[in-house]
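Have a look at the structure below, then the notes.
Values quoted throughout were computed directly from the atomic coordinates according to the rules given, and no laboratory measurement underlies them. These figures come from a predicted structure and were not determined experimentally. Counting neighbours? That spans all protein chains shown, and the Cβs are built from the backbone with ideal geometry, glycine included.
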Amino acid sequence: MIAAPVLASQFQVDPGSWFAWIVIGLIAGAVAARVVAGRGFGCIADIVVGIAGALIGGFLLGSLFGATGTVHFWGSIVVAFIGAVVLLAVLKLISGGRL
């Protein structure tokens, strides 16, 4: 019974951070889709591409350049954009140019 309050106090979800992920995902995904495919994929798909791009971009920058820490709002958009471009380029390569 004691573990429940401890776990509840350690797990905090900030609604602003979820909203920020969605906004950053939408911006980065929409821009990356227009750069790689020449058009957007729609609001939800752009958000998914942008959030996946943020994860991929963070992994790539951490692995390749040893980057750590936070980069705040504009840096997050750049990192998510880089990851989204990589994701879409790989998908375009796999699909034979049909994206």
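A few comments on the model shown:
- Protection proxy ranking of 38-50, 60-72, 87-99 - average other beta-carbon atoms within 10 Å, highest first: 38-50, 87-99, 60-72
- Cβ-based exposure ranking for Val23, Val79, in which fewest neighbours within 10 Å come first: Val23, Val79
- Label-point gap, in nm, between Thr70 and Arg98 - each point 7 angstrom along Cα→Cβ: 4.4 nm
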